[in-house]
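Accompanying notes for the structure given below.
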Amino acid sequence: MAGIGIEALVSIGTAFGFLAWSKDIDVDPLDRKGQVSGLAALQLRFAVLAGVLVVAMVLTHRLLAPAHRPYIVRAGCAAIAGLATGLVAGGIAVALRGTQLPLWAGGGDYQWILEWTAALWSGQEISDHYPPAVFWMIGAWARLTDQPHVLALKDLQLAGTALFGPAAYLAWRLVLRPLWAVAVGVLAMLPMIEPVKPYPQITLVMLIPVLVKFLSTVRRADRMTARRALLAGTLAGVGLGLLFLLYSGWFVWCAGGMLVAVALTAPWRTGWRSVLLLGGATVVSFVLVGWVHLRGLLAPTGGTSDDYFYFDTDTEPAYIAMWRNDRPADVGPVWPPVGELGGVGLFTLLLAGGLGLALALAWRRSIVIALGACAASAWFLRMWLASEQWETQTVRLYPRTTAVVLYCLLILTGFGVLLAVQRWRDRTGATGPAGREPTAPVGLLLVPLLFVLASAGSATVDRYLPDERTNHAGYFAWIAHTTPYPDGRCSRWGVAHGCQPTADRVPAD
């Protein structure tokens, strides 16, 4: 437990440390020259920290005794996870340089989120069909920092974006070793980063490994005492309940598949009592924690009749290779992109190959079963709901299954590749003296991963830099600069780009 605590401190500290360091990059984020300078400054700082990290890991690999090296690997992997999304959060800080407003400036979905937050914190009752954790966080942070709710959103967006990497890494550490957690879990998280509303996707990247861990626990239930089964079930239920309160949509897509996976893999013959105790404790604790929201979903009017049709609802429904969310549609004139093999692109073929590799090498492993069950469940629900959209004239959020299927396939592909490499090394004897360590220092082996994370982080940030086109993700930052503050003032760069102040004076931030 102490080791995991240190990894958490290192990962989160690195993410927030990079974010803080990025806040002194002084450019005009609404000018393309300023944007390019900001991106380069971010990359330079990332390279400095990555270089220091690699050198430190290489030196400690050579100087420390083999027994101490695993601790350095754990700390290094945790730091890389923090750097990965500290870079993106730092980029969003650059994009919002000179404005107090958050991405989207409190518009869109945040209009009713802020209204409900204000109502909740003023003692009024609000609908319980939406996960309430976001209302609690916005209200609590606004009160703690003594600022309006809409301004508190900026801090929460930056913090949420920075936490993507640590959240994914620490969740996957429940079931994977440090190198695997960062090379598979953190890498697969990259398409899910959503700075505008980070909390739904953070829930997804944490929920999947938690479900893998739960299935693994269920399969070992026959070796548990009654007390241990109750304790494990309670912890699982509380963890799942807290994630449910943060965002519940992913539970809908994954629930059916997980129920089937548990029913088929639980040791009913040898440990049915423990299975029932474990499952019962999980259900009870989950209901107790999540009841404040669960009761809203179970009410007659709790289901969603979403009729928001957007670009992704007109997409060929089997296409899941890219998750672009429901806004905005900056996807080019042809969507989905035309693939090379019967309309299927190379990336999708690689995912299919990775799935086949994982099934061939580890089809009985809990991680493969859980991921496959979640992906299959989301896929079937996707097709069922999409097939009914003409009859019902509703969407019922089915395009969001893209994120579940894509994330699970990315994890399975990474897991399959790592298993294949591990088997090759075992057969060829390509190991160090300890039989497990690679011959090259771990720090050097992480350099390609750092390069990918740096490139992906830059591309993600560039997509969200201010852009006045309404169908571009950069529009979220643009309106943050060009919308007046609640007190009527404009941001530092806003007046020159169309902000109309309603206050008598317009001081720069």
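The values are calculated or read from the model by the stated rules, or taken from the named source; none is laboratory data. Nothing here was measured: the structure is a model prediction, and the numbers come from that model. No Cβ is skipped: glycine too gets one built from the backbone with ideal geometry, and neighbour counts run over all protein chains shown. The area values use the complete protein model at the heavy-atom level, side chains included, leaving out ligands, DNA and RNA. Shrake-Rupley method; radii C 1.70, N 1.55, O 1.52, S 1.80 Å.
Side notes on the structure shown:
- Among the residues making up the range 157-205, a single one is among the hydroxyl-bearing types (Ser, Thr, Tyr) and over 21 Å from residue 254 (Cα atoms): 161.
- Test: residue 458 is at pLDDT 95 or above, under 30 Å from residue 324 (Cα atoms) and either assigned to a helix (DSSP H, G or I) or open to solvent by less than 10 Å² (accessible area, probe 1.4 Å) (or both): yes
- Here 39, 96, 59 are screened, and the one residue that is free of Cβ contacts under 8 Å to residues at least 40 places away in the same chain and out of contact with any Phe, Trp or Tyr (no Cβ under 9 Å at 6 or more places or on another chain) is 59.
- The set of residues from the range 192-214 being β-branched (Val, Ile, Thr) and closer than 21 Å to residue 237 by Cβ comprises 202, 203, 205, 208, 210, 212.
- Pair list, Cβ under 6 Å, 6 or more apart: the range 278-291 residue among the aromatic types (Phe, Trp, Tyr) and open to solvent by less than 50 Å² (accessible area, probe 1.4 Å), other residue assigned to a helix (DSSP H, G or I) and at pLDDT 95 or above: 286/237; 286/240; 286/241
- Among the residues of the range 354-378, just one is within 19 Å of residue 189 (Cα to Cα), of a type outside the set (A, V, I, L, M) and open to solvent by 10 Å² or more (accessible area, probe 1.4 Å), namely 372.
- Residues that are part of a helix (DSSP H, G or I) and surrounded by fewer than 12 Cβ atoms within 10 Å (Cβ to Cβ) are absent from the range 19-32.
- Between 394, 428, the distinction of being farther than 30 Å from residue 91 by Cβ and open to solvent by 50 Å² or more (accessible area, probe 1.4 Å) belongs to 428 only.
- The residue of the range 127-144 that is most open to solvent (accessible area, probe 1.4 Å), among those that are more than 21 Å from the chain's Cα centre (by Cα) and either more than 20 Å from residue 241 (Cα to Cα) or free of Cβ contacts under 8 Å to residues at least 40 places away in the same chain (or both), is 143.
- Only one of the numbered conditions (1) farther than 23 Å from residue 410 by Cβ; (2) at pLDDT 95 or above; (3) out of contact with any Asp or Glu (no Cβ under 8 Å at 6 or more places or on another chain); (4) not aliphatic (A, V, I, L, M) is not met by residue 353, and that is (1).
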